[in-house]
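Colleague: Can you read through this structure? Questions will come right after.
The values are calculated or read from the model by the stated rules, or taken from the named source; none is laboratory data. Source: prediction; values computed, not measured. No Cβ is skipped: glycine too gets one built from the backbone with ideal geometry, and neighbour counts run over all protein chains shown.
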Amino acid sequence: MTATAAKMKGQAERFRLPGIAGIGFAGLLFVVLLLVNVYLNPERFLPHSWGTLIGLAAPLISAALASTPAILSGRGGLDVSIGPLMGFVNAIVVTIIIAKWGLAGPVAVWVAAIVIGAAFGAFNGFLAAIVRIQPIVATLGTYLVLAGLTTTIVPSPTGTIPSWFSGLSGAWSFIPLLVIGLLWFALTRTPYYTALMATGSEDRAAFTSGLNVTLIRFLAYLVGGVFAGIAGLSLTALIGSADPNIGETYTLLAISSVALGGVSLAGGRGGFIGATIGALDIFLLQSALIYFNVSTFILQTAYGAILVLAVASTAMQKSSGGRDL
Amino acid sequence: MGSMIAILRRQPILGAVLIAVLLYFFGLASIDGFGSTFTLRSMLILAALLGIASVGQTLVIILGGIDLSIPFIVGFANVVAAQLYGNGMNFALVCLIVAVLALAIGAFNGALSARLGLHPLIVTLGVGTFVQGAVLLWTAGFPSGSAPQYISNFVSIGGSIGPLPFPGVVPAFLVMTLAVAFFLARTPFGRRLYALGSNPPAARYALIDPVWMWAATFALSALFAAIAGVLLLGFTGSAYADVGKPYLFQTIAAVVVGGTALVGGRGSYLGTFVGAIVLTEINTLLIGLGFQPSAVQAALGAVIILLVSLYGREAHLREQI
Amino acid sequence: MRETDCCLEAEGIVLKAGRAPLTVRFRPGEIVGLAGLDGHGQEVFLEVLAGWRRPLAGEVRHSGRAGDAPRPIRNFRDAMRRGVAYLPRDRRRTGIFPALSILDNFAIASLNRDTRIGFISPRIRRERYSRFKDLLSIVADDPRRTITTLSGGNQQKVLLARLLVREPDVLLLNDPTRGVDVATRQLLYGVFKDLASKGMTIVILSSEIEEAIFLSSRVLVFRDSTLSAELSGVELDNDRVISAMFGRAA
């Protein structure tokens, strides 16, 4: 996107908790939707069901979190390949790691997921930061490659997962999310986080201050890839098999969650709390509408309308009225 | 060699043309029947349909935005046209209604994005999703109807127009290409579009109204998407809300492969024209070589990455200080 | 001074809360300089004159050449249409369109003058451009090349031409010679004086005191968002301007 850097110059509050104003609408929506859901379906929200509940929401939340670093890195940073990457991890883990190679233990599976995620994250980072292809185009290419590879390996849903794995969508469903959360938390305590936010909001200034913008951006995609790998684990745990089509749906949902949660698509603003709340909003919306047994078409219109309303109201909240890219 | 690469860097469209030509010869060499009129016709029709859907994407990208509602508008037009015509409405009236609705939706996209400073990626995504959901609700998920015979003839592979062995959509595509290129180069609107994409703050000082320009450009984008949707109805013979799904990424790919940068302010529709042809050639080649659809998809992604790495790279930050 | 002499007038303009209002009348053929330390209101005042910013109080009025009654300027578009042209500072950010050609950059604010039946005629555009090329001595071999191939000084000339082609009767300049080479500077000074002698009103904000003194018949010195001094004639010298900038009487 073209020069809005001037307007972003006033963003001195990088170090605050991620834009409270930005998650205002999303936070409000979250409370409303949570109340609605609890009212409609109280059993689901009882403590003993929390595991399942988290297991249902985890793929979306982690997909949103996986999309966030690339967006934070700025200059049109975006990773649309998160969804297919999740699907690819799902396919490889179920059909190759477990079925073909017989490595059904948690260590093998987790290592595989993280390595695959990191590899493709690095590939995206290479294209976006080093070759300098526009991120949406680069990750679009990766999207197509991953979706194609996934469908080639797994033409139709197949396979099963061992019981410990299913547990990751039940009682232990918080673990993948926790891992992502801890990793990110640790990152925010390092100089990298400051560098990332600086690069995202004003990369020319960051560059002339001596920051290695290329490396910072590369790492952002790498980290996002690792998170996507872990998200793939949550997804696999949830569906219990390998499914070629399910990954793709997460891309647009993830980006919408992120935007809903106040993370600016121009970079340098917003954080994980916003992305999580945005993802929860979408999840709760889906489950409320599913309860009513409304057609998926109504869900679709509601989803589209809420997305536009959310970003519009967030923008109108901001007094400066600067362009929220 | 070095100077040739330099020329390709400055005029990316030449690179795209070169690739289009190379691909064609590669196809001739490796696939039986690639040179047949049948293959040529089918490629031209598919390229035309993609090209028409990509007009809007080109304009929007020059402006500095992006339009993700195109696939949804294609589906919207496809289904609504089929439904209304199937119910007996006069087809000219059907087209008018679809066109007006598309213009309104597009204008809304652009105006909202510009007025509130929202990212068009999100706005067009949300509005597009809403529109498709609304249309599916209206048809209760089972759209029916088809297009009049002359539309089917206009795009059908067996069709011909006058003495030419191509269906009408092909020469129409060529004429449209020239018209769009001329429009961009030689009208005040076109010049203002480039200016606004090149430097939005400066554009305001030059009396360019961003809200009006964004509304008009996105409206045009939706209009061309709708045209593609109606033509696709003639092409496939029945209505299908997801018929536009491939166009989500393919329109962006056509624009970028044609040398127009996503940053805005530069590029041309001629590039997209070539880009649409290149993408269609790649698709046809891969299928002709026996790739499965999933493998075609993967290969397409790889090729896009490769092509854009060659001539679509952005300048290093140090050159932008 | 008769009322009908006036071309542009600013009445009761308050730039910041609690500051004294300004009332200034600008006459045709006059060059008025604005000076002050950075951020003391002279730039805000210029933007108010241009219709780009609304003052806390007061209004700006403009009367056309025919000498009819002055009418308030509503906003920036209104100002431009009525013949009040504004050249902002920082041409990279607010001036040039880097990806576009010199011709495009020149013509962008006056596109309709090149059109025949709705389409731009390259021939007419080139003719218009070559008139200004000569007038401003723009150094550019091929005007179809992108504007970034020009030096800073020549880019500034193109931006000036962009405004002049609309035949404004008031020209508001925000630090126009910043980042411009010496030769171009001299040329621009000549152009400004020439335009003024033909009846144009010029208001020039300058960060260089010598420049303001050289060009202007009077200089308005700003301090703390209000007028500190208005110096002209024999009182218009370096020391007095600097003292006024610091709020001290000379």
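Colleague: Show me the helices (runs of 4 or more DSSP H) found entirely inside region B:223-321 where at least 3 residues are within 20 Å of A:I133 (Cα to Cα) and within 12 Å of another protein chain (Cβ to nearest Cβ).
Modeller: Here the list reads B:247-257, B:293-311.
Colleague: Another question, then. Quick check on region A:193-200. Is at least one of its residues small (G, A, S), touching a residue at least 12 places away in the same chain (Cβ under 8 Å) and in contact with a Lys or Arg (Cβ under 8 Å, 6 or more places away or on another chain)?
Modeller: Yes, that holds for at least one residue.
Colleague: Could you please find all residues in region C:78-102 being at the interface with chain B (Cβ under 9 Å from one of its Cβ atoms), basic (K, R) and surrounded by fewer than 20 Cβ atoms within 10 Å (Cβ to Cβ)?
Modeller: C:R81, C:R92, C:R93
Colleague: Would region B:107-114 turn up any residue that is touching a residue at least 40 places away in the same chain (Cβ under 8 Å), more than 14 Å from every other protein chain (Cβ to nearest Cβ) and of a type outside the set (A, V, I, L, M, F, W, C)?
Modeller: No: zero hits.
Colleague: So A:G268 passes all but one of these: (1) under 16 Å from A:L65 (Cα atoms); (2) away from chain B (no Cβ under 11 Å); (3) in a helix (DSSP H, G or I). Which condition number does it fail?
Modeller: All conditions pass for A:G268, except number (3).
Colleague: Also, quick follow-up: Take the residues in region C:36-53 that are of a type outside the set (F, W, Y) and in contact with a helix residue (DSSP H, G or I) (Cβ under 7 Å, 6 or more places away or on another chain), then tell me which one is nearest to C:A212 (Cα to Cα).
Modeller: C:G36
Rundown of residues vs (1) within 12 Å of chain A (Cβ to nearest Cβ); (2) in a helix (DSSP H, G or I); (3) of a type in the set (F, W, Y); (4) touching a Phe, Trp or Tyr at 6+ places or on another chain (Cβ under 7 Å), yes/no style:
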{"site": "B:G159", "(1), (2), (3), (4)": "no, no, no, no"}
{"site": "B:F173", "(1), (2), (3), (4)": "no, yes, yes, no"}
{"site": "B:G197", "(1), (2), (3), (4)": "yes, yes, no, no"}
{"site": "B:A203", "(1), (2), (3), (4)": "yes, yes, no, no"}
{"site": "B:A215", "(1), (2), (3), (4)": "no, yes, no, no"}
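Colleague: Look through B:A302, B:A276, B:A298, B:A315 and report the one residue that is touching a helix residue (DSSP H, G or I) at 6+ places or on another chain (Cβ under 7 Å) and surrounded by fewer than 19 Cβ atoms within 10 Å (Cβ to Cβ).
Modeller: Unique residue meeting the criteria: B:A302.
Colleague: Right, another one. Out of the residues in region B:115-152 meeting the condition of being free of Cβ contacts under 8 Å to residues at least 60 places away in the same chain and among the polar types (S, T, N, Q), tell me which one is nearest to the other protein chains (Cβ to nearest Cβ).
Modeller: The extreme case among them is B:T129.
Colleague: Of all residues being in a loop (DSSP other than H, G, I, E, B) and crowded, with 16+ Cβ neighbours inside 10 Å in region C:56-77, which is modelled with the lowest pLDDT? Just the residue, please.
Modeller: Among them, the one singled out is C:P70.
Colleague: Right, something else. With respect to C:A109, determine if the residue is closer than 18 Å to B:R192 by Cβ, within 22 Å of the chain's Cα centre (by Cα), at the interface with another protein chain (Cβ under 7 Å from one of its Cβ atoms) and in a loop (DSSP other than H, G, I, E, B).
Modeller: Yes; evaluated as a whole, the condition is true for this residue.
Colleague: Mind listing whichever residues of region A:106-156 are more than 10 Å from chain B (Cβ to nearest Cβ), in contact (Cβ under 8 Å) with a residue 40 or more places away in the chain, over 17 Å from A:G224 (Cα atoms) and small (G, A, S)?
Modeller: A:S156
Colleague: Here's something else I'd like to know. Determine whether A:G304 is closer than 20 Å to A:A70 by Cα and either assigned to a loop (DSSP other than H, G, I, E, B) or at the interface with chain B (Cβ under 8 Å from one of its Cβ atoms) (or both).
Modeller: No, not satisfied.
Colleague: Give me a count of the residues in region A:98-137 that are surrounded by 19 or more Cβ atoms within 10 Å (Cβ to Cβ) and touching a Phe, Trp or Tyr at 6+ places or on another chain (Cβ under 9 Å).
Modeller: Of the residues in that region, 13 qualify.
Colleague: If we keep just the residues of region B:67-102 that are surrounded by fewer than 24 Cβ atoms within 10 Å (Cβ to Cβ) and outside any helix (DSSP H, G or I), which is nearest to the other protein chains (Cβ to nearest Cβ)?
Modeller: B:N87
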